[in-house]
1. Pairs only if they're at least six apart or on different chains, beta carbon under 7 angstrom, first in the stretch 66-78 and within 19 Å of ASP55 (Cα to Cα), second aromatic (Phe, Trp, Tyr); list them, first residue then second.
2. Determine which member of the set ASP3, ASP78 is out of contact with any His (no Cβ under 6 Å at 6 or more places or on another chain) and modelled with pLDDT of 60 or more.
Amino acid sequence: MADDAPGRAPSEGAGMTAAPGDRDGQGGSSDLADRWAITELVNRYCSLVDDHDLDGIMGLFTDDGRFGRVGSLIDGPDAIRAHYRNRLAGTAWTLHYV
């Protein structure tokens, strides 16, 4: 049976690559810091949307930011701000659960 056959775990290290920032493949501190930063960014985004904090949301985007949704791409700060202004105006409240 091959190492990657259904019902059997792959051999140690088989087909695995290091995560970004994890040069030795051992979950080094930079990998953990990167993962924590990404988690915090997602949590911050959710809190800002739930609080309807348009300026805070915009602070998460760079000047050349883009926001993709299924079927559309919102390009640039003016378009992103308009998107969130319209979305939040039609919602009394939101609750993101991550």
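The values are calculated or read from the model by the stated rules, or taken from the named source; none is laboratory data. Keep in mind that what you see is a predicted model, and the values were worked out from it rather than measured. No Cβ is skipped: glycine too gets one built from the backbone with ideal geometry, and neighbour counts run over all protein chains shown.
1. Going by the 7 Å Cβ cut-off, the qualifying pairs are ILE74/PHE67; PRO77/PHE61.
2. Exactly one of ASP3, ASP78 is out of contact with any His (no Cβ under 6 Å at 6 or more places or on another chain) and modelled with pLDDT of 60 or more, namely ASP78.
Conditions (1) touching a strand residue (DSSP E or B) at 6+ places or on another chain (Cβ under 7 Å); (2) under 23 Å from ALA37 (Cα atoms); (3) modelled with pLDDT under 90, marked per residue:
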{"position": "GLY59", "(1), (2), (3)": "no, yes, no"}
{"position": "ASP63", "(1), (2), (3)": "no, yes, no"}
{"position": "LEU73", "(1), (2), (3)": "yes, no, no"}
{"position": "ALA82", "(1), (2), (3)": "no, no, no"}
